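Student: Handing you this structure, nothing more for now.
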Amino acid sequence: MDDDRDISRAVRHFVTERQSWVPVLQAACATASFAEQYGGEFAGAWVLQRLRDTGDKPAWVPGLRSLLAYGLIVRVGTARRGRRAYYVMPDRQAIQQALAEIGHPVPTEMLSGDGPVAAANKQQVKKEK
């Protein structure tokens, strides 16, 4: 129960202090949701691609460091010689619930479709053949 309150508090602080980043957090939730069927890890670039795919054009998003700073995601590794970071969202459902409670639910169009994770997985399967 305390964890849910801590997450809710972190989401509230994030939304208050980084209002322009709400779509990024929503896209991260959607990407993490889809990534769960592939082990839960997702690349930061996939979050930004999902954001672009839904029509949101952020002015500039310098990686996902703000989400890290608030404890909403955890970095689990890198690839491409350190140029691509991979993350997990340990309690995505609580984050989505907190967003919905404060009037910023994850849009259904972000949650639908294959998304970048499936596209990357399909490309990997093609390479292996």
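Student: Could you check the range 22-44 and list, in sequence order, the residues that are more than 10 Å from the chain's Cα centre (by Cα), in a helix (DSSP H, G or I) and either closer than 21 Å to residue 69 by Cβ or not aromatic (Phe, Trp, Tyr) (or both)?
Tutor: 22, 36, 37
Student: Would you mind stating whether residue 116 is at pLDDT 90 or above, touching a strand residue (DSSP E or B) at 6+ places or on another chain (Cβ under 9 Å) and not hydrophobic (A, V, I, L, M, F, W, C)? Explain how you work it out, then say what you get.
Tutor: Working: at pLDDT 90 or above: no; touching a strand residue (DSSP E or B) at 6+ places or on another chain (Cβ under 9 Å): yes; not hydrophobic (A, V, I, L, M, F, W, C): yes.
Considered against the rule, which asks whether it is at pLDDT 90 or above, touching a strand residue (DSSP E or B) at 6+ places or on another chain (Cβ under 9 Å) and not hydrophobic (A, V, I, L, M, F, W, C), residue 116 comes out as no.
Student: In the range 71-102, what residues are modelled with pLDDT under 90 and assigned to a strand (DSSP E or B)?
Tutor: Selection gives 77, 78, 79, 84, 85.
Student: A follow-up question, please. Working only within the range 74-96, note down all residues that are out of contact with any strand residue (DSSP E or B) (no Cβ under 9 Å at 6 or more places or on another chain), surrounded by fewer than 16 Cβ atoms within 10 Å (Cβ to Cβ) and not basic (Lys, Arg).
Tutor: 82, 93
Student: A further question follows. Any idea which residue in the range 86-113 is nearest to residue 8 (Cα to Cα), counting only those that are over 12 Å from the mean Cα position of the chain (by Cα) and of a type in the set (A, V, I, L, M)?
Tutor: 98
The values are calculated or read from the model by the stated rules, or taken from the named source; none is laboratory data. From a predicted model like this one, the values you see are computed outputs, not experimental measurements. Quick reminder, even Gly has a Cβ in these numbers, built from the backbone with ideal geometry, and neighbours come from all protein chains shown.
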